[in-house]
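**Q** Sharing a structure here in structure tokens format.
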């Protein structure tokens, strides 16, 4: 008896997804065994009815900029957001999703699965200095998907560095295509840096600066629905990051929508414009979802939605009610944000998850959802985030918080651990109330300070804050 190779169609094992072993039918070489009588028989038995080829899921992440907790329809807002509402209600609403209080640190955690403290750069990337950029040795979410054969596209706000060195920009960090801007914000019509000159245009496609007319939210979506999705390689899955500049300042909205909200918020011009920006962003999210359906990839696409931090209630027109605080602050209104995930046929529509989820968890969770292993150097740069896919789907019991630390604009710090949230205010180190402690599930509005009743918890968590931030103390 001998073994020979022959060409034909075989089942190839390609991995596991949602706990199921995946196979793809394709041409290739397989083993056959020859009996002593010269008869060839297959060494591996293949079933007569072969399943259709597995479709590898696409992944889309949509990030709103400075969207308030109270400013989505499913939180009873007067601002109309039917497509965001539909995205969340057709999947799982993430009721306890936490970001950083600032744009840059949230993006650092989102793209790396690591705390900004672990990265060693805890602030916003700077306009003419890459000292706060994500270090080049760090692994990004785009690189994990690209290594798995995905087409990788970055649309919108980058804000992870590259103001002086193009090596920090998306095309050098795992993205095949980049259309958008590299800094913190742009004028939605002129695409210039706020408070800059008319020559300070921050708008590009793959490194080439563009002089384009149009509203930024519309242009970003045009790139997706007119170019990327219809022009993709249909034989490969895609990973799409969409980071809108809406509803970040400067507040600039379509005139017809501003007029519409003048009757809804008659005494607040900032809120009128903010609402117009939010509705226009929602409309464009609807365009993206529509393009997925038109391309017949809707049911094979996981879509994740989040805001990068709480709304700016100072001069940004947002509302985080009934949560306390604003963008830049470590109170719930600055860090607990609207979020949800949709995957038709896989996730149960109308679900609500109360699992504590952080922006660090997004990379390992979404990679795990589609059967990928994160390709980071696990010894040198271990993830801080957790794969919570089973917990979100209700297939595992919820986990409590695990040392999630955020830093506000004034250097205030909040540490979440287990059921507790400890806040240390930097500008009042010796005053009564400088340290507050909440059982955050029982006191989501931070109106019941239990620090006095739990001195041991306060002491232990205060000590952990000092230990965790030791290497970045000079940045606080």
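Readers should treat all values here as calculations from the given coordinates under stated rules, not as data from a laboratory. Here the structure is a predicted model, which is why all the values come from computation and not from measurement. Positions of Cβ are generated from backbone atoms using ideal geometry, with glycine treated the same way; all protein chains shown enter the neighbour counts.
**Q** Tell me the mean residue ellipticity at 222 nm calculated for the chain from its helices only (DSSP H runs of n ≥ 4, each -39500 (n - 2.57), averaged over every residue, nearest 500).
**A** Values: 11 runs with 100 residues, N = 476.
Calculated from helices alone, the mean residue ellipticity at 222 nm is -6000 deg cm²/dmol.
**Q** Continuing with this model, one more query. Return the equivalent ellipsoid semi-axes of the range 125-168 as a descending list in whole Å, where each equals the square root of 5 times an eigenvalue of the C-alpha gyration tensor.
**A** 22, 12, 7
**Q** Right, here's the next one. Between residue 410 and residue 463, with labels modelled 7 Å along Cα→Cβ, what's the label distance in nm to one decimal, could you check?
**A** Spacing of the two 7 Å Cα→Cβ label points: 2.8 nm.
**Q** Now for a different question. Starting from the Cα of residue 349, move 7 Å in the Cα-to-Cβ direction to define the label point; list residues of the range 85-101 whose amide nitrogen is under 18 Å from there.
**A** Under cut-off, by backbone N: 85-94.
**Q** In Å³ and rounded to a whole number, note down the convex hull volume per residue for the Cα atoms of the range 58-392.
**A** Details: hull volume 41.4 nm³, N = 335.
Dividing the Cα hull volume of the range 58-392 by its residue count gives 123 Å³.
**Q** What distance in nm separates the two pseudo spin-label positions at residue 454 and residue 172, each 7 Å out from Cα along the beta-carbon direction?
**A** Inter-label distance under the simple model: 4.5 nm.
**Q** Based on the mean of other beta carbon atoms within 10 Å per residue, what is the order of 403-411, 57-65, most packed first? Show your work: numbers first, answer last.
**A** Details: 403-411: 19.7, 57-65: 24.3.
Descending mean neighbour count gives 57-65, 403-411.
**Q** Something else about it: Relative to the present Cα-Cα distance, how much length would full extension add between residue 473 and residue 395 at 0.36 nm per residue of separation?
**A** Values: separation 78, 0.36 × 78 = 28.08 nm, distance 3.98 nm.
Full extension of this stretch gives 24.1 nm more.
**Q** Once the Cα atoms of helix 455-468 and of the chain are each reduced to a long axis, what angle between those two axes, in degrees from 0 to 90 to the nearest 10, is obtained?
**A** 70 degrees
**Q** Run through the DSSP bridge list for the chain and note the antiparallel percent, rounded to the nearest 5. Please report the intermediate quantities before stating the final value.
**A** On the way: 47 of 75 bridges.
Of all bridge pairs located within the chain, approximately 65 percent are antiparallel.
**Q** Moving to a separate point now. Post the alpha-carbon centroid distance, the range 246-296 to the range 130-199, in whole angstrom.
**A** For the range 246-296 versus the range 130-199, the Cα centre distance is 24 Å.
**Q** If you don't mind, another one. Go through 80-89, 442-451 and give me the packing order, highest mean Cβ count within 10 Å leading. Before the final figure, lay out each step's value.
**A** Values: 80-89: 21.1, 442-451: 14.1.
Packing proxy ranking, top to bottom: 80-89, 442-451.
**Q** To continue, here is another question. Mind computing the radius of gyration and Dmax over the alpha-carbon atoms of the range 194-352? Å is fine for both.
**A** 17.7, 53
**Q** Arrange 437, 140 by Cβ neighbour counts within 10 Å, fewest through most, would you? Could you put the intermediate results ahead of the total?
**A** Numbers: 437 22, 140 25.
Going from sparsest to densest Cβ surroundings: 437, 140.
**Q** Taking the number of other C-beta atoms within 10 Å as the exposure measure, put 287, 96 in order starting with the fewest.
**A** Details: 287 15, 96 19.
In order of increasing Cβ crowding within 10 Å: 287, 96.
**Q** What FRET efficiency do you get for residue 129 and residue 373 if R0 is 25 Å and r is their Cβ-Cβ distance, rounded to the nearest 0.05? Show your work: numbers first, answer last.
**A** Working: r = 35 Å, r/R0 = 1.38.
FRET efficiency, residue 129 to residue 373: 0.15.
**Q** Modelled label-to-label distance, residue 200 and residue 136, 7 Å Cα→beta-carbon offset: nm?
**A** Calculated label separation equals 2.7 nm.
**Q** Going by how many other Cβ atoms sit within 10 Å of their own, how do 326, 100, 142 line up, fewest first?
**A** Numbers: 326 24, 100 31, 142 20.
By the 10 Å Cβ count, ascending, the order reads 142, 326, 100.
**Q** Treating the range 365-413 as a set of equal point scatterers at the Cα positions, no solvent, please give the Debye-formula log₁₀ I(q)/I(0) at q = 0.14, 0.19, 0.23 Å⁻¹.
**A** Listed by q, the Debye log ratios stand at -0.54, -0.83, -0.96.
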